[in-house]
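*Asks:* Can you keep this structure in mind? I'll have questions shortly.
The values are calculated or read from the model by the stated rules, or taken from the named source; none is laboratory data. The structure presented is a predicted model; accordingly, all values stated were derived computationally and were not measured. We place every Cβ from the backbone using ideal geometry, glycine too, and count neighbours over all the protein chains shown.
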Amino acid sequence: AGRPLSVMFPMIATVSEFRAARALLLAEAERVRPVPEGLRVGTMLEVPSLMWQLGALLSEADFVSVGSNDLVQFLFAADRGAPGLSERYDLLSPAVLDLLEQLLAAASAAEVPVSICGEAASRPLDALVLVALGLTTLSMPAPGILPVKAMLASVDIEAFRSVLRTVRRSATGEASVREPLAAWARDHNLPM
C-alpha cells in the first residue's frame with residue numbers, strides 16, 4: 001500500500017476482456033487505503049487473437065509481456081508435450097519472429113514496454129534472437145541467467161542483426177531458422 005504496483009492479466013483474448021479485468025482491479029484499488037501509488041496494468045500476450053487488436057490494446061495497457069510458451073503453442077495448435085508436433089513448437093520459426101517483430105514495432109510506436117517470459121528466454125540462442133529483435137527485458141528461470149549472459153556478452157548485437165536478417169530472408173517457407181543460426185553460432189565459437 002502506498003507503493004508502486006504493477007498487475008498483469010494472463011490469458012486475455014480480447015481487448016474487452018482486458019477492459020473488464022482492469023475495471024474490476026481499479027474498482028478494488030479505490031477501496032484500498034492507502035491507494036497503490038503508480039498502479040500499472042498490463043497483459044500477457046499468450047493468445048494470438050490479441051495481435052489483431054494491438055491498436056486498441058496498446059492504447060490501454062501500460063505494458064505487455066509475451067508468454068512465449070503458450071503463444072507458440074496456441075499459434076501453431078501444437079501441444080508442446082506431443083512428440084509428433086514438437087517440430088512445430090519453435091520460437092525461431094519465421095511466423096513467430098514476424099509476429100514478435102510486428103508487436104515490437106507497434107509497441108514502440110505506442111511507447112508501451114514489452115518483455116518476454118517463458119522457456120525461450122533462458123535458451124542462449126533464442127535469447128540472442130529476442131534481443132536482436134529489440135526485446136530488452138527477458139524473464140527466465142535462474143539456471144538460464146549465466147548461459148544467456150555469456151551468449152549476449154560474446155556477440156555484437158548490431159552485427160548479429162544483419163546475420164538474422166539474411167537468414168530470415170533465405171528461410172522463406174521454412175519451419176524454423178534455428179539450424180542456420182545455430183550453425184553460425186558454432187562457426188563463431190559462441191557459448192550455446
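*Asks:* I want to confirm something. Restricting to the range 81-109 and keeping residues that are part of a helix (DSSP H, G or I) and touching a residue at least 60 places away in the same chain (Cβ under 8 Å), which single residue is nearest to residue 56 (Cα to Cα)?
*Replies:* Looking at residues that are part of a helix (DSSP H, G or I) and touching a residue at least 60 places away in the same chain (Cβ under 8 Å), I get 97.
*Asks:* Is it the case that some residue within the range 64-71 is surrounded by fewer than 19 Cβ atoms within 10 Å (Cβ to Cβ) and modelled with pLDDT under 95?
*Replies:* Checked against the condition, which is being surrounded by fewer than 19 Cβ atoms within 10 Å (Cβ to Cβ) and modelled with pLDDT under 95, the range 64-71 yields at least one hit.
*Asks:* Here are the criteria: (1) over 15 Å from the mean Cα position of the chain (by Cα); (2) part of a helix (DSSP H, G or I); (3) surrounded by 14 or more Cβ atoms within 10 Å (Cβ to Cβ). Tell me which single one residue 40 does not satisfy.
*Replies:* The number of the failed condition is (2).
*Asks:* Quick check on residue 144: is it at positive phi, surrounded by 14 or more Cβ atoms within 10 Å (Cβ to Cβ), in contact with a helix residue (DSSP H, G or I) (Cβ under 9 Å, 6 or more places away or on another chain) and not basic (Lys, Arg)?
*Replies:* Against the criterion (at positive phi, surrounded by 14 or more Cβ atoms within 10 Å (Cβ to Cβ), in contact with a helix residue (DSSP H, G or I) (Cβ under 9 Å, 6 or more places away or on another chain) and not basic (Lys, Arg)), residue 144 does not qualify.
*Asks:* How many residues are assigned to a loop (DSSP other than H, G, I, E, B), hydrophobic (A, V, I, L, M, F, W, C) and farther than 16 Å from residue 70 by Cα when one looks only at the range 112-153?
*Replies:* Residues meeting the conditions: 2.
*Asks:* Within the group 103, 75, 99, 91, which residue is surrounded by 21 or more Cβ atoms within 10 Å (Cβ to Cβ), more than 25 Å from residue 23 (Cα to Cα) and under 14 Å from the mean Cα position of the chain (by Cα)?
*Replies:* Criteria check complete, one pass: 91.
*Asks:* Moving on to the next point. Has the range 84-99 got any residue that is under 15 Å from residue 137 (Cα atoms) and of a type in the set (Ser, Thr, Tyr)? Spell out how you get there, then give the answer.
*Replies:* Here is the first cut: in the range 84-99, the ones under 15 Å from residue 137 (Cα atoms) are none.
No, there is no match, as no residue in the range 84-99 is under 15 Å from residue 137 (Cα atoms) and of a type in the set (Ser, Thr, Tyr).
*Asks:* Could you run through the range 154-177 and say how many residues are loosely packed, with under 14 Cβ neighbours inside 10 Å, of a type outside the set (Val, Ile, Thr) and assigned to a helix (DSSP H, G or I)?
*Replies:* Looking only at that region, the number is 6.
*Asks:* Those residues that are in contact (Cβ under 8 Å) with a residue 40 or more places away in the chain and more than 10 Å from the chain's Cα centre (by Cα), I need them from the range 110-127; list them, please.
*Replies:* 110, 112, 113, 119, 124, 125
*Asks:* Does the range 106-136 hold any residues that are surrounded by fewer than 19 Cβ atoms within 10 Å (Cβ to Cβ), β-branched (Val, Ile, Thr) and within 23 Å of residue 52 (Cα to Cα), and which are they?
*Replies:* none
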